[in-house]
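Structure first, then comments.
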Amino acid sequence: MISKEKLQEYNNKLAGIGLALEHTAEGLKLTDGELSIMADFREMLPRLKQSNLQREMLVKAARIKGQEMPQLLVDATAGFGEDSLILAAAGFKVRLYEFDEIIAVLLQDCMERAAEIPELKDAVGRMELVCGDSVAGMKNLDYKPDIVLLDPMFPARQKSALIKKKFQLIQRLESPCSTEIELLNAAEAAEPKRIVIKRPLKGPYLADRKPSYSLEGKAIRYDCMVYAR
Ligand SMILES: C[S@@+](CC[C@H](N)C(=O)[O-])C[C@H]1O[C@@H](n2cnc3c(N)ncnc32)[C@H](O)[C@@H]1O
């Protein structure tokens, strides 16, 4: 759990943009005094049933056929960690990088709460969060990941107007920004067997690079780059 001193330090910075972190009985929240947002894996439970997981497009895009689990995956753009949770529940071992310290602290709090929930604790046990820039991190890994996942943008794909409004709180954080090319180059420098890139269905290729193939859903597309290693 985040210390009082650290919370105060973050809140001093957040005050400048009209936001605050607040401890509640449910967990740590980011609020503007009216709306609030928190990372919460409990909402993901229905998607985590083994029978459902095998149908998840993300799992199909990431899994390397013929290789046993756990396959090692780096999620270079963790956000609220929902994609990583799906992958960890499907058996991947996931290292997550999040460079925005406020998003990272919300995710850390969410993971700590999830570790106490019987249906989530095994999956969360396969997740390791690093608060830092994955562009630097992936160039200095002490192992070769099998897969790198990239999902750099919070695009307007959330469903309801309320959820969109809540995500505007996150957009106010003005996170630092690495370019698409830096991110893709760093992912390639980690020498994975595959890079999976999550895009809006009609969105352009990341860094204009054509993938080996794509999997398409209703609103989302996974561009997969496959490397012979
Ligand atoms: C669209 S969100 C990812 C959502 C995530 N896939 C999920 O399931 O919740 C993108 C996140 O990546 C983070 N990010 C972008 N570039 C990054 C980098 N170079 N290193 C670490 N985090 C990064 C942003 O701060 C943001 O929180």
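Cross-link partners for Lys202 among the aspartates and glutamates, with Cα-Cα distance under 14 Å and sequence neighbours closer than 8 places in the same chain left out: Glu216, Asp223.
If you run the Gaussian network model on the chain, springs between alpha carbon atoms under 10 Å, then out of Leu72, Leu35, Leu106 the most flexible one is Leu35.
Of all the options Ser175, Ser36, Ser160, the one that moves most in a Gaussian network model of the chain with Cα springs shorter than 10 angstrom is Ser160. Which is the longest run of the chain containing none of the GluC sites (Glu not before Pro) found in DSSP loop states (not H, G, I, E, B) with at most 10 other C-beta atoms within 10 Å? Longest run free of exposed loop sites: 117-173. Over the chain, DSSP H runs of length four or greater, each weighted -39,500 (n - 2.57), average out per residue to a 222 nm ellipticity of -9500 deg cm²/dmol.
Under the combined filter of DSSP loop state and at most 10 neighbouring Cβ atoms within 10 Å, region 65-122 retains these trypsin sites (Lys or Arg not before Pro): Lys65. Working note: Karplus 6.51/-1.76/1.60 with θ = phi - 60° gives region 87-94 the couplings 5, 5, 5, 7, x, 6, 9, 10 Hz, where Gly and Pro are set to x. At q = 0.12, 0.18 Å⁻¹, what log₁₀ I(q)/I(0) does a Debye calculation on the Cα points of the chain give, no solvent, two decimals? One equal scatterer on each Cα of the chain leads to -0.66, -1.50. Protein heavy-atom accessible surface, 1.4 Å probe, per residue over the chain: 52 Å². Counting heavy atoms of the protein chains alone, Arg47 has an accessible area of about 110 Å² for a 1.4 Å probe. Largest to smallest in accessible area, the residues Thr31, Thr179, Thr24 fall in the order Thr179, Thr24, Thr31 (1.4 Å probe, all protein chains included).
Listed cross-link partners Lys165/Lys198; Lys121/Lys198; Lys144/Lys218; Lys6/Lys193; Lys165/Lys210; Lys65/Lys218 are compared with a 28 Å cut-off, the Cα-Cα value being larger for Lys144/Lys218; Lys6/Lys193; Lys165/Lys210.
Taking all protein chains as they are arranged and a probe of 1.4 Å, the heavy atoms of Tyr227 leave approximately 50 Å² accessible to solvent. Between Gly79, Gly66, Gly137, the residue with the greatest mean-square fluctuation in the GNM of the chain (Cα pairs under 10 Å linked by springs) is Gly66. Surface composition of the chain: carbon plus sulfur atoms hold 51% of the accessible area, using a 1.4 angstrom probe and ignoring ligands, DNA and RNA.
The values are calculated or read from the model by the stated rules, or taken from the named source; none is laboratory data. Small disclaimer: the values here were computed from a predicted structure and weren't measured. Neighbour counts run over all protein chains shown; Cβ positions are idealised from the backbone, glycine included. Side chains are part of the model used for accessible areas, which takes the heavy atoms of the whole protein and leaves out ligands, DNA and RNA. Shrake-Rupley method; radii C 1.70, N 1.55, O 1.52, S 1.80 Å.
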